[in-house]
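S.K.: First, the structure itself, so that you have it in front of you.
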Amino acid sequence: MGKIYLLDVTNRDGVQTAKLGLSKIEKTLINIYLNELGVFQSEFGFPTTRHETRYLQANLELAEMGVLQPIRLGGWMRAIASDVETAFKLVPSIRHLNLSISTSDQMIDGKFLGRKTRDHIVSDMVEAVDTARALGAESVGANAEDASRTDLNFLIKFGQAAQEHGADRMRYCDTLGYDNPFTIYQAVKTLAEKVGLPIELHCHGDLGMAVANSLAGAKGAIDGGQDAYINTTINGIGERAGNADLVAVILAAVKSKGFAEEYPLAGSIDLTKAWKIAGFASYAFGVPIPINQPGVGANAFAHASGIHADGVLKDPENYELYSFEDLGRGEPEFVETGRELCTGEYSGISGFSHVMGKIEVSFSDRDEANKVLELARYANVESQKPLVEDELLFIAKYPDIARKLLTLTPLE
Ligand SMILES: [Zn+2]
């Protein structure tokens, strides 16, 4: 029986969202949290984009050091051979790739404006897959952008060509959130049967169905005899109306009526990390979590009306499908309401030592303290908001990695 793997794309789709972004240290912490939560793969960035190079290499180093294990780190690029070559030139140790190209006539005609035909789309993609294989990729996903508006027969042809050239997965992108659970189920089941590859579901929320479509698509892939990979983002942050929310996808897969018995999640998911990862992403993106967000919203376990309050006091299961402890909630959180010292780009050693002392980090000598302070200053230059405890701990623990993450050299 097939399984459902989680492939989070916060550090790719999330950060390419208009008006939003993350510093390289914030992206790194997200990879660490995704690993703690048990996510199979993080699409951790753009290997052809020069300001990502050191960040990607530093995260691959963290993987080698065992810090980012067992999570896989995958890069995203266009499905053209030259992008794959550039990726391996800039980030030689990259091993997992997703290669993306538009497949719908709308996009072929509307974006390439007559320069490409369906045949070009397939030939570009297989050339990119061949190149990735030749350069040492361990896993390759072939992404069909706008798959939901693509002629299904052409999509099958695209997938079969990917399979013949050694791709490991096909990504079905509902780029505009056009599918509904019924249409995506049918399309993905057919693809799984005819293409013979595991299918990734990449769903957007333009019609409010990203999570539902992800589950229906996963069911389609598994009913068609293949594994499913659901693309998620933390708090659903993504282009326009966003992507399938990571926590909501897990809750839906695990807690919805009868689903998990037939369509289980792969690996071991530690949902108690949900509260921390959602809170950090909210802070880092500067986007509040909606009050009614599944699992992590402020009202997810709040009850006011008499009948509900009475019912939940007698037995929480009367009005709660899952408990707050499942999501790592319920611990008191410390909020400073008096004097506060923050770490920023103009901090000095005295205030910094005080802040670090509070989180029980001590330094062997003043030189070491100054070195970590310098890194913390640069981290703040990049993020422009007070560094959180985990960022400071990370910098103190891995100063050499932090230095790489903070080194940006334009027009090199
Ligand atoms: Zn997307």
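The values are calculated or read from the model by the stated rules, or taken from the named source; none is laboratory data. Computed from a prediction, not measured in an experiment: that's the story for all the values here. Glycine gets a Cβ as well: all are built from the backbone with ideal geometry, and neighbour counts include every protein chain shown. All accessible areas refer to the heavy atoms of the entire protein, side chains included, with ligands and DNA or RNA removed. Shrake-Rupley method; radii C 1.70, N 1.55, O 1.52, S 1.80 Å.
S.K.: Taking only protein heavy atoms and a 1.4 Å probe, what accessible area per residue, in Å², does the chain have with all protein chains in place?
M.R.: I get 45 Å² per residue for this part.
S.K.: Given R₀ = 22 Å, FRET efficiency for Lys358-Val381 by Cβ-Cβ distance, to 0.05?
M.R.: FRET efficiency, Lys358 to Val381: 0.45.
S.K.: Rounded, prolate or oblate for region 125-174? Axes are the square roots of the Cα gyration tensor eigenvalues, ordered a ≥ b ≥ c, and the cut-off for rounded is a/c under 1.5.
M.R.: Prolate is the answer for region 125-174, as a/c is 1.5 or above and a/b outweighs b/c.
S.K.: Efficiency by 1/(1 + (r/R0)^6): what FRET value for Glu320 and Ala260, r their Cβ-Cβ distance, R0 = 22 Å, to the nearest 0.05?
M.R.: 0.75
S.K.: Ok, one more. Beta carbons within 10 angstrom, averaged per residue: use that to sort the peptides 267-275, 199-207, highest first.
M.R.: Per-residue mean Cβ counts within 10 Å order the peptides as 199-207, 267-275.
S.K.: Within the chain, what percent of beta bridges assigned by DSSP are antiparallel, to the nearest 5?
M.R.: 5 percent
S.K.: Over all alpha-carbon pairs of region 247-371, lay out the pair-distance distribution in 10 Å bins, whole %, shortest bin first.
M.R.: All Cα pairs, binned at 10 Å, distribute as 10, 28, 27, 18, 12, 5, 0 percent.
S.K.: Can you give me the relative contact order of the chain as a percent, contacts being Cα pairs under 8 Å and 6 or more apart?
M.R.: Relative contact order for the chain comes out at 16 percent.
S.K.: Counting only pairs 8 or more places apart or on different chains, how many lysine pairs in region 1-125 have C-alpha atoms closer than 25 Å? The partial results should precede the final answer.
M.R.: Working: Lys19/Lys27; Lys19/Lys111; Lys24/Lys89; Lys27/Lys89.
Final tally of qualifying lysine pairs is 4.
S.K.: If you scale each eigenvalue of the Cα gyration tensor by 5 and take the root, what three semi-axes come out for region 343-412, rounded to whole angstrom and sorted largest first?
M.R.: Each semi-axis is the square root of five times an eigenvalue, giving 20, 13, 11 Å.
S.K.: Still on this structure: Per the 1.4 Å probe, what fraction of the accessible area of region 214-266, in percent, lies on carbon and sulfur atoms?
M.R.: The C+S portion of the solvent-accessible surface of region 214-266 is 48 percent.
S.K.: Right, here's the next one. Give me the mean projected area, in nm² to one decimal, of the convex hull enclosing the Cα positions of the chain.
M.R.: On the way: hull surface 88.9 nm².
Computed as one quarter of the Cα hull surface, the answer is 22.2 nm².
S.K.: Summarise the accessible area of region 62-133 (1.4 Å probe, protein heavy atoms) by the percent that is carbon and sulfur.
M.R.: Carbon plus sulfur share of accessible area: 50 percent.
S.K.: With labels modelled as points extended 7 Å from the Cα through the Cβ direction, what inter-label distance (nm, one decimal) is found for Asn370 paired with Lys111?
M.R.: Distance between label points: 5.2 nm.
S.K.: Arranged from highest to lowest average of other beta-carbon atoms within 10 Å per residue, in what order do the peptides 120-129, 107-116 appear?
M.R.: Output ranking for 120-129, 107-116: 120-129, 107-116.
S.K.: Between Val312 and Glu336, what is the label-to-label distance in nm when each label sits 7 Å out along the Cα-to-Cβ direction?
M.R.: Here the modelled spin labels are 3.2 nm apart.
S.K.: Regarding region 198-293, what's the average projected area of the Cα-atom convex hull, expressed in nm²?
M.R.: Details: hull surface 25.9 nm².
Result: 6.5 nm².
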